[in-house]
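Data block below; observations after.
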Amino acid sequence: ALQLLDPYRVEFTSGKLSHAGKDVEFSVQVDRFSGRYSVTANELLDIKVRAAKLYDKACTGGLTAGCAELGTAYYTGSGVAEDRKRGIELFRKACDGTPPAACGILGRILELGNDVPRNEKRAVELYERACSGEEASGCARLASCYERGAGVAKDPVRAAKLHEQACKGGHEES
C-alpha cells in the first residue's frame, strides 16, 4: 500500500553540502511529532568516518570504550577500511578495561572461529567476564555455552540462571 506523507507531520529537505573539501548529498526526513529522522547513505558514511576518527582519538587517549567502538568499526569496515585483524586487536585492548562489552564480542569471535582459531574455552572465560560486568549479551552467550556444553560441561540449571540474568539485563532473546 502506498503511504502518503502528511505535510503537517513530516518535513523533508535535501541538497548538497560541502564539507572537508568534498560535496556530500543529503536528504533528511523529520517527523515533527516524534522527532525521528532518516538520512541518506552519503551523509551516513560521512558520519561513520567522523565517528571512527573520534573513536581513534578516545582509544589513543586511554578510553577503552573508544577502543571497543573502533574495533567494531575496523571489524565491520564502518567508516574505515575493513581490517578484521586490527578489529580483534582493539577488542582485546578494550576487554582489558571497561566496559565489558568488548569481552563478549571477542568471545563470540573465538567461539565461532571467525578470523582466529576456534577456542570455546577462552570464549567462555570472556563471556564470564562480560557477564560479571553486567553485560546482558555476555550472560546470554554464556548461558548458551552451558546449554550446549560448548567450552564447559553441560549445566541446564546454570544456563537457566544465566538466561534469567540476561533477561533482567535487557537481553530480549533470553
Problem - Listed residue (Val152, Gly170, Leu142) projecting farthest to the positive dipole end of the stretch 127-174, Cβ model - result: Val152
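Can you tell me which of 155-162, 120-127, 61-68 comes out highest on packing, and rank the rest after it, using the mean Cβ neighbours within 10 Å?
Numbers: 155-162: 15.1, 120-127: 21.0, 61-68: 17.8.
Put in order of decreasing packing, that is 120-127, 61-68, 155-162.
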Problem - Spread of Cα-to-Cα distances over 10 Å intervals beginning at zero, given as percent, for the stretch 63-174 - result: 18, 44, 31, 7, 0
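Output needed for the stretch 66-118: three equivalent-ellipsoid semi-axes, defined as square roots of 5 times the C-alpha gyration tensor eigenvalues, in descending order, whole Å. Before the final figure, lay out each step's value.
On the way: eigenvalues 47, 43, 11 Å².
The answer is 15, 15, 7 Å, longest axis first.
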Completion exercise
Extension length gain for Arg50 and Arg118 (0.36 nm per residue less Cα distance), in nm, is 21.1 nm
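Each value in this text was obtained by applying a stated rule to the coordinates, not by laboratory testing. Model, not experiment: these values are computed from the prediction. Here the Cβ is made from the backbone with ideal geometry for all residues, glycine too, and neighbour counts use every protein chain on show.
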